[in-house]
């Protein structure tokens, strides 16, 4: 890992500005491996040094990954002048890190949303060529049938000419209101809703439950979030393993 300046390491957490780091160091509140840091310009290997501020160990991350259980009514965007975005649900220190959503969920769609500052991995997770499954639970008006499953498997061309690649449709219950799981490997605008509407089964509720091999944490309440752990990051990376 590349050696980095102390002020960059600490300001990179989003909790302090570089000016604030200088003050913390001057006051002797920053320790590196138990000894007072000599200056904000001192350089350390972030994977080898133990940094503390006022006795609190500071966890360093090369990239930040957050899992959120997105609520309905919130936009999957970094900014919007018309309404609340998913970034508004994060604390101030995370809002400073320039995180962005990995793909978008419609405003009224709930469920798994990842936020990160790792542009390369985010692009790979969204690119159809990496074949990363995105799985949704949906409720629809109308009785789903096996012919709907076959239509999804074959791929669809929507009324406006948009071509959707083959997708998966698993019927969970069928009746006046049906339940299903939909699996896609692309993320075109309103794709899941439009594919089901094309079959005459408009969506009444939609929730993303997994991306790749990573499921939504069942312990996360609607609107809650947490950091991904290294094991989960490896699960995401393994979702793309072997794909060129």
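Using a cutoff of 8 angstrom between alpha carbon atoms and counting only pairs six or more residues apart, the relative contact order for the chain works out to 19 percent.
From least to most packed, judged by other beta carbons within 10 angstrom and beginning with the fewest, 134, 70, 207 follow the order 207, 134, 70. For the stretch 4-57, the calculated P(r), taken from all Cα-Cα distances in 5 Å bins from zero up to the bin holding the longest distance, is 4, 24, 37, 29, 5 percent. For the stretch 141-222, the C-alpha radius of gyration divided by 2.2 N^0.38 Å, with N the number of residues, is 1.11. The long axis of helix 230-239 is offset from the longest Cα principal axis of the chain by roughly 40 degrees. Rounded to 0.05, the FRET efficiency of the residue 54 and residue 220 pair, given R0 = 41 Å and the Cβ-Cβ distance, is 0.90.
From helices alone, the chain scores -6000 deg cm²/dmol at 222 nm; the rule is -39500 (n - 2.57) for each run of n ≥ 4 DSSP H residues, then divide by the residue total.
Global size of the stretch 14-166: 22.5, 70 Å for Rg and Dmax (C-alpha atoms, Rg to one decimal, Dmax whole). Using the average count of surrounding beta-carbon atoms within 10 Å as a protection proxy, the listed peptides 157-164, 214-221 rank, highest first, as 214-221, 157-164. The Stokes-Einstein estimate for the stretch 42-83, based on a Kirkwood radius over Cα pairs and taken at 25 °C with 0.890 mPa s viscosity, is a diffusion coefficient of 172 µm²/s.
Bear in mind that the values in this text are calculations on the coordinates, not laboratory data. Note that the structure is predicted; figures quoted are calculated from it, not measured. Positions of Cβ are backbone-derived with ideal geometry, glycine not excepted, and every protein chain shown enters the neighbour counts.
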